[in-house]
Amino acid sequence: MCNLDKDLLQRYMDKDIDPLEKILLENHLLSCPQCRKDLNQLKIMEWDLNNINLPKTPKELTAIRNAALDKYFETTDESETSFGRKDIMNLQYRNLKNTVSFINYLPGKKIVENAVRKAAVKSTRETKKKSLLSKIIGL
């Protein structure tokens with residue numbers, strides 16, 4: 001089992017690798033059959049993705065989709081149970097409001113809030129110290 005970072009193989013394929021890493025990787029590939037196999041699989045996958053035959057979509061598809069959406073969201077009669085855009089927005093708003101209310105009752109909420117406040121205060125102090133130090137040094 002090889003411990004080589006597989007991200008390195010992908011970067012090698014993308015030609016986004018440092019020259020030293022490239023030399024080390026190529027030497028490693030000479031002695032590691034698993035990494036050679038992984039690299040070949042990446043090459044095959046890239047070839048497949050580059051040579052995929054996508055179906056041709058009709059030019060009218062956008063107009064058909066928009067007409068279907070308009071028909072779906074059309075509010076015909078308020079007494080019916082159909083949902084309009086406004087109803088969907090209100091439903092999403094209520095869901096978001098309920099989620100926030102739920103989060104307020106989670107155990108540990110105050111502990112997290114206090115930790116965030118302390119971190120913000122500490123960060124502000126460190127920033128002030130760095131700016132004072134840079135003024136003293138003349139940076």
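Can you bin region 6-50 into rounded, prolate or oblate? Criterion: square roots of the alpha carbon gyration tensor eigenvalues sorted a ≥ b ≥ c, rounded for a/c under 1.5, prolate for a/b above b/c, oblate for the rest. Oblate, since a/c reaches 1.5 and b/c is not below a/b.
Between L4 and any residue 5 or more places off or on another chain, the built amide H atoms are never under 5 Å apart.
Computed from phi, the 3J(HN,Hα) profile of region 86-91 under the Karplus parametrisation 6.51, -1.76, 1.60 (θ = phi - 60°) reads 5, 5, 5, 5, 5, 5 Hz, with x in place of Gly and Pro. Working note: Karplus 6.51/-1.76/1.60 with θ = phi - 60° gives region 12-25 the couplings 4, 5, 7, 6, 10, 9, 5, x, 5, 4, 5, 5, 4, 5 Hz, where Gly and Pro are set to x. Placing pseudo-labels 7 Å out from each Cα toward the beta carbon at K71 and D87 gives an inter-label distance of 1.8 nm.
Read-outs throughout are calculated quantities, based only on the coordinates presented, and are distinct from any laboratory measurement. All values reported here derive from a predicted model rather than from experimental measurement. Counting neighbours? That spans all protein chains shown, and the Cβs are built from the backbone with ideal geometry, glycine included.
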